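Below: the structure, in structure tokens.
None of the figures in this text is laboratory data; all of them are computed from the coordinates on show. Owing to the predicted nature of the structure, the values given are computational and were not obtained by experimental measurement. Glycine gets a Cβ as well: all are built from the backbone with ideal geometry, and neighbour counts include every protein chain shown.
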């Protein structure tokens with residue numbers, strides 16, 4: 001099983017990179033963020049997941065172990081294949097996705113092509129306890145995040161990323177209880193940046 005690759009990026013495709021290491025070229029499927037940040041000729045290190053099927057042996061690459069672990073966790077859910085799992089990692093960071101799953105926010109996951117409402121709800125149901133057991137919740141719950149999914153969705157509908165929305169809402173005065181007021185306060189901090 002190929003678990004890690006280090007080499008020079010020699011080509012890029014729509015959803016993959018070709019990495020040369022020790023005179024061998026490996027085609028590795030990657031997420032949009034990694035693909036956009038990578039330039040031909042640069043040195044790249046990837047943690048990989050190898051998927052072997054009857055007719056193919058595919059590699060999926062990630063910049064961090066946490067992304068790889070979440071990808072593999074997503075694959076444990078019935079109906080979620082590698083392309084859908086990679087799509088989930090394209091919408092937000094691994095910690096943001098874990099936070100959404102712990103909060104029970106299936107709506108975030110429905111933004112991925114190929115994942116409908118039922119699959120998203122199954123993802124949340126099956127993965128929530130696994131993420132909490134592995135300690136993924138400790139960082140999220142200790143951050144003091146008291147934001148609701150609706151507040152985050154409101155900011156995301158205005159074009160902000162999940163990370164930006166969560167960060168802005170975490171800066172809002174904790175005495176504000178009304179969701180509308182919290183979103184307005186978060187918007188003020190986002191506009192100042």
Which of the three applies to region 1-106, rounded, prolate or oblate, going by the alpha-carbon gyration tensor with a ≥ b ≥ c and a/c under 1.5 meaning rounded?
prolate
Pairwise label distance in nanometres, residue 134 with residue 189, each label 7 Å out on the Cα-Cβ vector:
2.9 nm
With runs of 4+ DSSP H residues as the only contributors, calculate the mean residue ellipticity of the chain at 222 nm using -39,500 (n - 2.57) per run, divided by the residue total and rounded to the nearest 500.
-15000 deg cm²/dmol
By counting other Cβ atoms within 10 Å of each Cβ, how are 6, 166 ranked from fewest to most?
6, 166
In this structure, the FRET efficiency calculated for residue 110 and residue 32 from their beta-carbon separation, with R0 = 22 Å, to the nearest 0.05, is 0.75
For the chain, find the longest principal axis of its Cα atoms and tell me its angle to the long axis of helix 162-171, 0 to 90°, nearest 10.
30 degrees
Between helix 65-75 and the chain, what is the angle of the helix's C-alpha long axis to the longest principal axis, kept within 0 to 90° and rounded to the nearest 10?
90 degrees
Arranged by the count of other C-beta atoms within 10 angstrom, fewest first, what order do 52, 131, 152 take?
52, 131, 152
From the Cα centre of region 61-96 to that of region 151-180, the distance in Å is 24 Å
Sort 78, 179 so the one with the fewest other Cβ atoms within 10 Å of its own Cβ comes first.
78, 179
Row for region 144-192, column shape: gyration tensor on C-alpha, a ≥ b ≥ c, rounded if a/c < 1.5 i.e. under 1.5, prolate if a/b over b/c, else oblate; value rounded
So if the hydrodynamic radius of the chain is defined as the Kirkwood radius over C-alpha pairs, what does Stokes-Einstein give as its diffusion coefficient at 4 °C and 1.567 mPa s, in µm² per second?
72 µm²/s
